[in-house]
Amino acid sequence: MHNRLVAGNRFNPSYEPMGYLLRTTSPATELISLRVTHSGGSAWICTGSTTSDCGEQDLKGTVGLEPGIDIFEDSGESAYSGRLHVGPIKASPPAKH
């Protein structure tokens, strides 16, 4: 969420992400912010405070997209300039746990 180009989100309407701050402090600079998506796979996720709460979890993703970059039509209201779709992802456990 830190690279969103607009203020606010579903949790906090006054949230000002870094992308928004960069856009408002340097309006003459062209800023491109990409939303990263994947087509599913797994990720190493911790659901608690102990190492036993960590492990590989299956993730749903965005289906029907080919890996690559799509730049959106600039409306000035979009939270992102485009999307980087990376395809399937695979969990990478920590080097030491």
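Computed from the coordinates by the stated procedures, all read-outs in this text should not be read as laboratory data. All values derive from a computational prediction rather than experimental measurement.
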Let me test this: with uniform point scatterers at the alpha carbons of region 1-54, what is the Debye-based log₁₀ I(q)/I(0) at q = 0.23, 0.32 1/Å?
-0.88, -1.14
In Å, the Kirkwood estimate of hydrodynamic radius for the chain over Cα pairs equals 15.7 Å
Under 5 Å from the placed amide H of Leu59, counting only residues 5+ away or on other chains, we find Gly41, Ser42, Ala43
Whole-Hz Karplus ³J(HN,Hα) for region 2-16, in order, using 6.51 cos²θ - 1.76 cosθ + 1.60 and θ = phi - 60°, x for Gly and Pro?
5, 9, 4, 8, 10, 6, x, 7, 5, 9, 8, x, 9, 4, 10
Taking amide H positions as placed in the peptide plane 1.01 Å from N, state which residues far from Gly8 in sequence (5 or more) or on other chains have amide H under 5 Å from it.
Tyr15, Glu16
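May I ask you to work out the translational diffusion coefficient for region 43-88 at 20 °C, viscosity 1.002 mPa s, via Stokes-Einstein with Rh from the Kirkwood sum over Cα pairs, reported in whole µm²/s?
Values: Rh = 13.6 Å.
Translational D for this selection: 158 µm²/s.
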So what is the 222 nm mean residue ellipticity for the chain from helices alone, if each DSSP H run of at least 4 adds -39500 (n - 2.57) and you divide by all residues, rounding to the nearest 500 deg cm²/dmol?
-2000 deg cm²/dmol
Once phi for every residue in region 20-36 is put through the Karplus expression 6.51 cos²θ - 1.76 cosθ + 1.60 (θ = phi - 60°), the whole-Hz ³J(HN,Hα) values, with Gly and Pro written as x, are 5, 5, 5, 5, 7, 8, 9, x, 7, 8, 6, 10, 10, 10, 9, 8, 8
